[in-house]
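The values are calculated or read from the model by the stated rules, or taken from the named source; none is laboratory data. Everything numeric here is computed off the predicted structure, so don't read it as measured data. Positions of Cβ are backbone-derived with ideal geometry, glycine not excepted, and every protein chain shown enters the neighbour counts.
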Amino acid sequence: MFSKRIIFAAFAISFAASFLLCGYEFIRAVSTSLFIEAYSAENLPVVWVAISPSLLLILYFYGRLLSRYGASRTLAITSFLSGALIFACYIALIYRIKFASAIIYVFREAYIVIIIEQYWSFVNSTLTDRQAKIINGPFCAIASLGSVAGGLLVGQLAEPLGTKPLLMFAAASLIPAAILGVIAYTIAGEPKPSVAEEDGRRGHLGVKTLFSSKYLIYLGILILCTQMISTVLDVRFNLLVENEITGTDARTAYYGNFYAGLGAISAFLQLVVVPFALRYVSLKIIHTCIPIVHLLNGLVLSLKPTLRTGATAFLSFKALDYSLFRSGKELFYIPLTYDERYRAKQIIDSFGYRFGKSGSGGVISLINFILKIFTRTVETIPYVAYSITAMVVSCVWGGIVFNITSQHQKLVQADKNLDNESSVV
């Protein structure tokens, strides 16, 4: 089933993701802590509004690179440029440029999804559906080892070294990540677009490709739902952290340990649960059970709002998102074309992923602004509204996956029929 070429390429891209996510743990904890110190957790929804337009601009730049240089060199270029920008923000912070904390927060939301989705585009273009059901879980598990290591290092180094110097680890991690990514492409071969897709003829950004397919549109709506839930749980969690943990370095250490635990749980699910589930449980059942878990966590958080229940709800969302949901969702892209996997996928899983968060942040900020004007107080949205929103959107999520999984089954069957016809010929 697996050639040596496929196995070596899978290991190379997995370790590339591991280095990338290790560095991301540094920038995630650092940027969150620095932003809260500079602007407070209540203003997180404000900075999220800037994520979508920033990401859209970066995605257009990515699309131009993809059209001109191909997938492999585009991965290398975006990786090295990301490291350079992180280093530049570190220098700005050393010189006490406060706004750099907002820039690094916004950029951390952009670079991680753009690069990680390039890894997945490679995987989806290299593996068959059957191979992916076996490899996707272990691939995520190896990548999560980097998250665990990064989180533990942040927890240990934040207080003795201070918060800002940890950004250097994030910048440095992108060098081996880029090298291993290029090695994976060299081993497996670079996917090529069709004649109609060459040189970005259907659009560098992938918007035309996206809106020409109902299947992709439903995938986009699904991602928006997931990120609405992620956003409200994220805000609630950070508000609880801010209330109960004071001190920048102590808070950074807490975040580091929290995300290390998240990485460990995700790795267990990816290595043990995902390969079994994808092989023996239907995608429809898997994708239906996930929002049910979030519905129940939202209910518990509504009834008992503590740091423990807030952390549990947010951790559960992220752990399932990084394991079962991610591995199962990527199977949806395997039967698709080059532009659908490399361009439309970036719009859905990078822009859509962050737009859901950014858009939700904008709505939260607007509601808070209106409340302050009309009540003439500093009142904000009642905290229970965050968990209730997560519950409502979980119900919508459950309905959407029925449509997507049905369409996916038809695409897979069509591919099988085409393969059978080719073998007969």
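Numbers below:
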| read-out | value |
| --- | --- |
| Selected residue [among the hydroxyl-bearing types (Ser, Thr, Tyr), in contact (Cβ under 8 Å) with a residue 40 or more places away in the chain and farther than 23 Å from Ala178 by Cα] from Ser79, Ser67, Ser101 | Ser101 |
| Count - residues of the range 182-202 that are assigned to a loop (DSSP other than H, G, I, E, B) and more than 23 Å from Ser79 (Cα to Cα) | 3 |
| From the options Ile6, Ile13, residue that is under 19 Å from Ser82 (Cβ atoms), aliphatic (A, V, I, L, M) and assigned to a helix (DSSP H, G or I) | Ile13 |
| The range 226-253, residues that are at pLDDT 85 or above, farther than 18 Å from Val46 by Cα and buried (at least 23 other Cβ atoms within 10 Å of the Cβ) | Thr226 |
| Count of residues meeting criterion [among the β-branched types (Val, Ile, Thr) and either within 28 Å of Gly247 (Cβ to Cβ) or crowded, with 21+ Cβ neighbours inside 10 Å (or both)] in the range 117-134 | 2 |
| Evaluation of Tyr62 against (1) of a type in the set (Ser, Thr, Tyr); (2) surrounded by fewer than 18 Cβ atoms within 10 Å (Cβ to Cβ); (3) closer than 30 Å to Glu190 by Cβ (one fails), failing number | (2) |
| Every residue from the range 211-251 that is within 16 Å of the chain's Cα centre (by Cα) and small (Gly, Ala, Ser) | Gly220, Ser230 |
| Residue among Gly256, Gly263, Gly247, Gly206 that is without any contact (Cβ under 8 Å) to a residue 40 or more places away in the chain and within 29 Å of Val49 (Cα to Cα) | Gly247 |
| So Ala171, is it within 25 Å of Asn257 (Cβ to Cβ), modelled with pLDDT of 85 or more and among the small types (Gly, Ala, Ser) | yes |
| Residue identified as buried (at least 21 other Cβ atoms within 10 Å of the Cβ) and either in contact with a Pro (Cβ under 7 Å, 6 or more places away or on another chain) or free of Cβ contacts under 8 Å to residues at least 12 places away in the same chain (or both) among Gly137, Gly151, Gly146, Gly181 | Gly137 |
| Residues of the range 82-98 classified as free of Cβ contacts under 8 Å to residues at least 40 places away in the same chain and closer than 26 Å to Leu65 by Cβ, total | 4 |
| Top-ranked residue of the range 305-327 - restricted to ones that are in a helix (DSSP H, G or I) and among the β-branched types (Val, Ile, Thr), ranked as surrounded by the fewest Cβ atoms within 10 Å (Cβ to Cβ) | Thr312 |
| Some residue of the range 19-27 being in a helix (DSSP H, G or I), of a type in the set (Ser, Thr, Tyr), touching a helix residue (DSSP H, G or I) at 6+ places or on another chain (Cβ under 8 Å) and within 19 Å of Pro165 (Cβ to Cβ) | yes |
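Residue-wise test of (1) in contact with a Phe, Trp or Tyr (Cβ under 6 Å, 6 or more places away or on another chain); (2) farther than 27 Å from Thr231 by Cβ.
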| site | (1), (2) |
| --- | --- |
| Cys22 | no, no |
| Ala29 | yes, no |
| Ser33 | no, no |
| Glu37 | no, no |
| Asn43 | no, no |
| Ile51 | no, no |
| Tyr69 | no, yes |
